[in-house]
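Below is one structure; the comments refer to it alone.
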Amino acid sequence: MNKKTAGRPRIRTPRVELHPASVKYIFKGHPWITKDKYSLKFPKGSPFITAKLDEVKNDDAKFVVMLNDPTHDSVLARIWRIGEGSSHLGPKEFYFELRERMQASFEARGNIDNRENYYLAFGESDYLPGLFIIRLKDRILIQFYANFWNHFESDVLKIVKDFYPKDTIWVQKRNLKRKKEFYCATNKQLKEDNFIIEEFGVKYQIKLNQFYDIGIYTDMAAIRDRVKDNFDEKSVLNLYSYTGAYSLFALKQGATNVTSVDLSQKYLDWLQENLVLNEMSEDHESLCMPTIKALEKFKSEGRKFDLIICDPPSASSDGKKVSKAIDAYKDMIPLFDMILNKGGKAHIFLNTHSITRKKFENKIKEYIGNRKISITGSLKLTGDCPSLKGFIEGDYLKGLTLLKK
Ligand SMILES: C[S@@+](CC[C@H](N)C(=O)[O-])C[C@H]1O[C@@H](n2cnc3c(N)ncnc32)[C@H](O)[C@@H]1O
């Protein structure tokens with residue numbers, strides 16, 4: 001609890017009414033209240049709100065206490081707790097509950113020793129709604145996805161500092177417009193921070209406060225580890241490569257050669273920095289062009305690969321038109337079929353919560369049609385990025401493994 005909140009008079013937590021559908025979803029484990037005619041009436045001033053859950057007869061489970069976020073674009077409140085204690089939540093109780101949850105979340109990551117980047121807190125799945133914390137060697141990046149946390153920013157910082165007193169701590173306010181909003185909480189003079197981290201024996205250049213993203217997607221790290229046995233002696237194509245995390249990982253795991261494709265020269269230059277850092281430039285080539293063009297080029301050249309990694313953004317532009325990743329697969333799958341060696345594999349991803357796992361798989365089956373490709377497995381967030389039952393939005397990263405027969 002910070003100085004401002006200490007000793008405040010006890011004010012009752014405002015009671016709101018919830019849409020019956022929200023109540024139903026809360027019971028299924030869903031932690032969000034989205035925009036509807038009920039949530040639009042949530043009060044503006046209070047950080048916490050409470051509602052009665054009429055369906056429950058049990059006295060202990062009568063209330064839901066929520067983090068109020070009336071200025072958010074879509075998620076107007078997030079569930080903090082149901083059915084325990086009283087319906088009142090003040091800043092003091094909140095601080096102690098927050099500290100307990102953060103500690104549990106930090107301790108759950110105690111056994112990660114083969115990478116320097118991992119999530120210390122993964123939002124709703126760690127019962128810390130909208131709060132994500134990444135450890136990057138001796139830096140910590142706190143990411144707020146909910147405006148609610150503006151009320152308790154100094155509390156979160158205090159707790160992180162207590163547990164990691166030697167680390168440099170950065171804060172980022174994530175937003176739908178992808179506007180870059182970072183600051184260093186431990187050194188106000190520090191405007192940017194470039195440093196090197198190691199993941200599974202590979203070094204990566206991290207750049208804080210230069211771009212909206214930092215140079216590595218930590219939510220992919222546990223998945224990279226999971227597919228590590230697929231690269232040895234393979235010719236690998238990494239589509240939508242970004243700064244090359246998968247490309248360098250593939251080389252480290254024994255790939256004979258890797259081709260990375262990305263639309264952005266800026267990210268390919270960063271990938272080049274990473275290659276130099278690891279003395280891995282020899283068996284690698286970069287192509288700066290839209291994925292679809294690269295695939296057509298390989299097809300016309302008769303080039304083949306043993307393994308394709310394809311991790312597109314949920315929607316992307318090739319400079320002319322914007323297309324959704326799910327639709328782009330319609331054109332990509334026939335080309336994968338042509339450029340994969342027999343027995344070759346593709347790990348394909350969809351990075352959006354708006355399409356379910358089932359729909360993704362059905363669409364891919366439809367695009368495969370009667371081609372000699374089968375779906376042999378699926379990939380999902382794992383390890384330090386756990387899932388929460390009943391929270392489909394949290395299961396945003398979906399992967400499928402394809403096999404060319
Ligand atoms: C989600 S990131 C990929 C992350 C990467 N797989 C990793 O694990 O580090 C998406 C990348 O796709 C690139 N991109 C967007 N549209 C593209 C397109 N049409 N063709 C090729 N690359 C594209 C972006 O520049 C960005 O680097």
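Those helices (runs of 4 or more DSSP H) of segment 241-341 in which 2 or more residues are of a type in the set (Val, Ile, Thr) and in contact (Cβ under 8 Å) with a residue 24 or more places away in the chain occupy 291-301, 325-339.
The one condition from (1) under 26 Å from the mean Cα position of the chain (by Cα); (2) part of a strand (DSSP E or B); (3) at pLDDT 95 or above that residue 81 does not meet is (3). Taken together, the criteria exclude residue 46 from residues that are touching a strand residue (DSSP E or B) at 6+ places or on another chain (Cβ under 8 Å), modelled with pLDDT under 95 and loosely packed, with under 13 Cβ neighbours inside 10 Å. Quick check on residue 306: is it in contact with a Leu (Cβ under 8 Å, 6 or more places away or on another chain), more than 15 Å from the ligand (Cβ to nearest atom) and within 15 Å of residue 244 (Cα to Cα)? Judged against the criteria, residue 306 is not a match.
Kindly evaluate residue 339 against the criterion of being buried (at least 17 other Cβ atoms within 10 Å of the Cβ) and either among the hydrophobic types (A, V, I, L, M, F, W, C) or within 12 Å of the ligand (Cβ to nearest atom) (or both). Answer is yes for this residue.
Of the residues making up segment 10-40, those that are part of a loop (DSSP other than H, G, I, E, B) and in contact (Cβ under 8 Å) with a residue 24 or more places away in the chain are 10, 11, 12, 13, 14, 17, 18, 28, 29, 30, 31, 35. Of the set (1) part of a strand (DSSP E or B); (2) under 21 Å from residue 106 (Cα atoms), all apply to residue 156 but (1).
Restricting attention to segment 365-405, the residues that are in a strand (DSSP E or B) and of a type in the set (A, V, I, L, M) add up to 7.
Name the single residue, out of those in segment 165-217 being surrounded by 14 or more Cβ atoms within 10 Å (Cβ to Cβ) and basic (Lys, Arg), that is farthest from the chain's Cα centre (by Cα). If we take residues in segment 165-217 being surrounded by 14 or more Cβ atoms within 10 Å (Cβ to Cβ) and basic (Lys, Arg), then 203 is farthest from the chain's Cα centre (by Cα). Consider segment 254-271 and keep the residues that are touching a strand residue (DSSP E or B) at 6+ places or on another chain (Cβ under 9 Å) and away from the ligand (no atom under 14 Å from the Cβ). The one that is farthest from residue 234 (Cα to Cα) is 257. Suppose we filter segment 33-48 for residues that are among the aliphatic types (A, V, I, L, M) and under 27 Å from the mean Cα position of the chain (by Cα); how many remain? Total satisfying the criteria: 1. In this structure, residue 315 does not qualify as crowded, with 21+ Cβ neighbours inside 10 Å and within 15 Å of the ligand (Cβ to nearest atom). The number of residues in segment 328-357 that are within 23 Å of the chain's Cα centre (by Cα), more than 29 Å from residue 121 (Cβ to Cβ) and of a type in the set (Lys, Arg) comes to 0. For segment 208-244, filtering for residues that are in contact with a Gly (Cβ under 9 Å, 6 or more places away or on another chain) and near the ligand (Cβ under 10 Å from one of its atoms) leaves 5.
The values are calculated or read from the model by the stated rules, or taken from the named source; none is laboratory data. Just so it is clear, the structure is predicted and the values come from calculations on it, not from any experiment. Counting neighbours? That spans all protein chains shown, and the Cβs are built from the backbone with ideal geometry, glycine included.
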